[in-house]
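What follows is a short report on a single structure.
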Amino acid sequence: MSNDNQNPTTTTSTTTEKKTSPFLTESLPEGIAQGQQQTLGQTANEAAGSIPKYNLPRGAKTNNLGETTHFGYKTINTEEKAQKVAEVFHSVASKYDLMNDLMSFGIHRLWKRYAINLSGVRRGQQVLDIAGGTGDLAKVFSREVGETGHVVLSDINESMLNVGRDRLLDAGCSNVDFVLANAETLEPFADNSFDLVTISFGLRNVTDKDAALQSMFRVLKPGGRLLILEFSKPVFEPFSKLYDLYSFTALPIMGKIIANDSESYRYLAESIRMHPDQGTLKSMMQNAGFQNCDYHNLTGGIVAVHRGFKL
Ligand code: SAM
């Protein structure tokens, strides 16, 4: 897979040493205008005006989806979704961790801790964290698997992955590789190569979720497990109303103040409501081949951890 072509108009500059990855033939890209050639006399904005704005790692070409899909509450052409999601995460990357703490009152840390405990990760294991962004899970897995193990922090989005890479290298995580990949295909990864695959707050952004689940199944070793941490459907109706009020009013306002981007946080609230509920996601995992699937509701079902095994 070529990783040299995904570029936000502003890239996170990094002073950290480049790492060589067994999955990459070249280092992660930085700062080169990609997707479009800027010609003489043309402004960067003009050059960037054409669609697609970001060249992303290749997605799946399946017949799982129709011509249109949802982006939050909007209906858009299916092929546009990855671009729109890319815009959201390029926009929020630098403020992502701060916003997570503020929006969830720090509770996302407990949700992630719960998922990590459920993962059963052990020393010497191979772990893939998909849509791993700024690396909250990968950082802990790096410690848990130890020197004999290996973690891959993977994301479709260069800006998010750059933040994660800088953070983990600063923390001395020497057993982690950083790989741009689309969850729908997981192209850089061979079949049967990981003991544990995780995706935390990533799946709802993926256009073709069935293709992504099949790819996760493919890269897991027999006996391996998948953990999906994701927003879900609150189980208690009055709580649900309060939660709606908070999500659709407070989140966009906080997004505006902190990240100067209310639209991305409106998308966040809408995408949560459009995501399959607990039972539907469990069935989708079973259809992809996972066995012994179960889920655990957290904070009254605001979030759920789904688990499934490749046996
Ligand atoms: N896992 C991190 C966490 O729990 O904090 C980051 C979650 S963030 C809400 C969602 C991430 O999903 C973003 O980094 C985004 O770039 C990534 N993403 C969206 N679509 C993706 C796709 N098709 N393949 C891989 N990553 C994707």
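The values are calculated or read from the model by the stated rules, or taken from the named source; none is laboratory data. No experiment lies behind these values; they were computed from the predicted model shown. Because the Cβ atoms are built from the backbone with ideal geometry, glycine has one as well, and the counts that use them run over all protein chains shown.
Being more than 24 Å from ASP129 (Cβ to Cβ), touching a helix residue (DSSP H, G or I) at 6+ places or on another chain (Cβ under 9 Å) and not hydroxyl-bearing (Ser, Thr, Tyr), is that true of even one residue in the stretch 280-301?
Within the stretch 280-301, one or more residues are more than 24 Å from ASP129 (Cβ to Cβ), touching a helix residue (DSSP H, G or I) at 6+ places or on another chain (Cβ under 9 Å) and not hydroxyl-bearing (Ser, Thr, Tyr).
Of a type outside the set (A, V, I, L, M, F, W, C) and within 12 Å of THR198 (Cα to Cα): is that true of ASP101 in this structure?
On the way: of a type outside the set (A, V, I, L, M, F, W, C): yes; within 12 Å of THR198 (Cα to Cα): no.
When the stated conditions are applied, ASP101 does not pass them.
Can you name every residue in the stretch 117-144 that is aliphatic (A, V, I, L, M) and in contact with a Leu (Cβ under 9 Å, 6 or more places away or on another chain)?
Filtering the stretch 117-144 down to residues aliphatic (A, V, I, L, M) leaves 118, 121, 127-128, 130-131, 137-138, 140.
LEU118, VAL121, VAL127, LEU128, ILE130, ALA131, LEU137, ALA138 - these are the residues of the stretch 117-144 that are aliphatic (A, V, I, L, M) and in contact with a Leu (Cβ under 9 Å, 6 or more places away or on another chain).
Looking only at the stretch 66-108, how many residues end up being in contact with a Ser or Thr (Cβ under 7 Å, 6 or more places away or on another chain), of a type in the set (A, V, I, L, M, F, W, C) and within 13 Å of the ligand (Cβ to nearest atom)?
Number satisfying all stated conditions: 6.
Looking at (1) surrounded by 17 or more Cβ atoms within 10 Å (Cβ to Cβ); (2) modelled with pLDDT of 90 or more; (3) part of a helix (DSSP H, G or I), find the lone condition where TYR265 falls short.
Among (1) surrounded by 17 or more Cβ atoms within 10 Å (Cβ to Cβ); (2) modelled with pLDDT of 90 or more; (3) part of a helix (DSSP H, G or I), the lone unmet condition for TYR265 is (2).
Quick one: what pairs do we get from the stretch 126-139, first residue farther than 14 Å from LEU186 by Cα, second within 6 Å of the ligand (Cβ to nearest atom) and assigned to a loop (DSSP other than H, G, I, E, B), C-beta under 9 Å, 6+ apart or different chains?
GLY133/ASN157; GLY133/PHE201; GLY133/GLY202; ALA138/GLY132
With respect to ASP166, determine if the residue is in contact (Cβ under 8 Å) with a residue 24 or more places away in the chain and more than 25 Å from ASN292 (Cα to Cα). Lay out the reasoning, then the answer.
On the way: in contact (Cβ under 8 Å) with a residue 24 or more places away in the chain: yes; more than 25 Å from ASN292 (Cα to Cα): yes.
Yes; evaluated as a whole, the condition is true for this residue.
Take the stretch 109-130 and flag every residue that is away from the ligand (no atom under 12 Å from the Cβ) and crowded, with 21+ Cβ neighbours inside 10 Å.
Selection gives SER119, VAL121, GLN125, VAL127.
Can you list the helices (runs of 4 or more DSSP H) lying wholly within the stretch 131-245 that have 2 or more residues being within 12 Å of the ligand (Cβ to nearest atom), buried (at least 18 other Cβ atoms within 10 Å of the Cβ) and under 11 Å from the mean Cα position of the chain (by Cα)? Even if it seems obvious, please write down each step before you answer.
Numbers: elements: 136-145, 158-170, 209-219, 237-245.
Once the helices (runs of 4 or more DSSP H) in the stretch 131-245 are filtered for at least 2 residues that are within 12 Å of the ligand (Cβ to nearest atom), buried (at least 18 other Cβ atoms within 10 Å of the Cβ) and under 11 Å from the mean Cα position of the chain (by Cα), what remains is 158-170.
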